[in-house]
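S.K.: Please see the structure below; I have some questions.
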Amino acid sequence: MYKRIVLKLSGEALAGDKEGVSFDDTVITGLVKQIRQVMDMGTQVSLVVGGGNFWRGRSADSGMDRTKADQIGMLATVMNAIYLADAFRQQGTHAVVMTPIPFGTMTELFSKDSALRHLENGKVLIFAAGLGHPFFSTDTITALRGAELDVDGLFFAKNIDGVYDDDPAKNPNAKKFDTITSEDIVKKNLKVIDTSAAALCFERKIPVVIFGLNEQDSIMRAVKGEKIGTLVTVS
């Protein structure tokens, strides 16, 4: 059983399949219930949430400065984190939004000691605003926070059900890996997670599970160790 994890959720996941909305409360309620169940099993949970339901930097106009585009993306993750934290509050769980840069009274400035104290007190942490700098993905901050907090595993909930040797949307013969090493993800240049995140997981020997969020009870099943998605090993 995992003692402490970081779970990465995409911003798009919060919007569900509805068109023209940023948040699907039915989907979010289901996510929160699963995470609460994981916490009830004794696992400390931190979350990293993306901002894709509002903004994706790579979707910006080609003439836009990359730094500015990434800064807008950081702000999008803060909005998502605050919304998600309130969804936890409504279900009786205290959530703390932590950021690497100050946002007044809206978030708490990240520190390892404070984060560990919150986790030990039964709170869920939501990390937002990335590293506070451009050119770093939310995958990278997931791996970094996992390394800092000495987690037992990283969990990436994706819109794809694991790691493939090619894009299954374009190649129906793409092969899914049940297991793969983080080193091979880097060597094969597989795009399922950011290569810098995979490299950090390999260096720090952090196991990773990459699975499909839309599968029934997928978060619970992944954390319980059920064979789901792809297990990314360290050797």
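The values are calculated or read from the model by the stated rules, or taken from the named source; none is laboratory data. Bear in mind the structure is a predicted one, so any value in this text is a computation, not a measurement. So basically every Cβ, Gly included, is an ideal-geometry build from the backbone, and we count neighbours across all protein chains shown. Just so you know, the surface numbers come from the protein's heavy atoms only, side chains and all, with ligands and any DNA or RNA stripped out. Shrake-Rupley method; radii C 1.70, N 1.55, O 1.52, S 1.80 Å.
S.K.: Which ones in the range 124-148 are surrounded by fewer than 19 Cβ atoms within 10 Å (Cβ to Cβ) and more than 19 Å from Lys68 (Cβ to Cβ)?
M.R.: Answer for the range 124-148, where residues must be surrounded by fewer than 19 Cβ atoms within 10 Å (Cβ to Cβ) and more than 19 Å from Lys68 (Cβ to Cβ): Ala147, Glu148.
S.K.: Restricting to the range 175-188, name every residue that is without any contact (Cβ under 8 Å) to a residue 12 or more places away in the chain and open to solvent by less than 80 Å² (accessible area, probe 1.4 Å).
M.R.: Going through the range 175-188, the residues without any contact (Cβ under 8 Å) to a residue 12 or more places away in the chain turn out to be 175, 184, 187.
Across the range 175-188, the qualifying residue is only Asp184.
S.K.: Additional query: Taking interchain pairs and intrachain pairs at least six residues apart, which have beta carbon atoms under 9 angstrom, with the first residue in the range 161-174 and over 15 Å from Ile210 (Cβ atoms) and the second open to solvent by less than 50 Å² (accessible area, probe 1.4 Å) and modelled with pLDDT of 90 or more?
M.R.: Asp166/Ala174; Asn171/Tyr164
S.K.: Only one of Thr105, Thr138, Thr93 is touching a strand residue (DSSP E or B) at 6+ places or on another chain (Cβ under 7 Å) and farther than 14 Å from Gly51 by Cβ. Can you tell me which?
M.R.: Details: Thr105 fails: touching a strand residue (DSSP E or B) at 6+ places or on another chain (Cβ under 7 Å); Thr138 fails: farther than 14 Å from Gly51 by Cβ.
Exactly one of Thr105, Thr138, Thr93 is touching a strand residue (DSSP E or B) at 6+ places or on another chain (Cβ under 7 Å) and farther than 14 Å from Gly51 by Cβ, namely Thr93.
S.K.: Among Asp24, Asp65, which is without any contact (Cβ under 8 Å) to a residue 12 or more places away in the chain, more than 17 Å from Asn214 (Cα to Cα) and among the acidic types (Asp, Glu)? Step through it out loud before you land on a result.
M.R.: Details: Asp24 fails: more than 17 Å from Asn214 (Cα to Cα).
Exactly one residue qualifies, and that residue is Asp65.
S.K.: Can you name the residue in the range 189-222 that is of a type in the set (Val, Ile, Thr), open to solvent by less than 20 Å² (accessible area, probe 1.4 Å) and outside any loop (DSSP other than H, G, I, E, B) and is also farthest from Asn159 (Cα to Cα) among such residues?
M.R.: The residue in question is Val208.
S.K.: For the range 128-169, enumerate the residues that are more than 24 Å from Arg221 (Cα to Cα), among the aromatic types (Phe, Trp, Tyr) and within 16 Å of the chain's Cα centre (by Cα).
M.R.: Matches in the range 128-169: Phe136 only.
S.K.: Test Phe211 against the stated conditions and say whether it is aromatic (Phe, Trp, Tyr), in contact (Cβ under 8 Å) with a residue 24 or more places away in the chain and closer than 21 Å to Gln34 by Cβ. Talk me through it step by step, then tell me what you get.
M.R.: On the way: aromatic (Phe, Trp, Tyr): yes; in contact (Cβ under 8 Å) with a residue 24 or more places away in the chain: yes; closer than 21 Å to Gln34 by Cβ: yes.
Considered against the rule, which asks whether it is aromatic (Phe, Trp, Tyr), in contact (Cβ under 8 Å) with a residue 24 or more places away in the chain and closer than 21 Å to Gln34 by Cβ, Phe211 comes out as yes.
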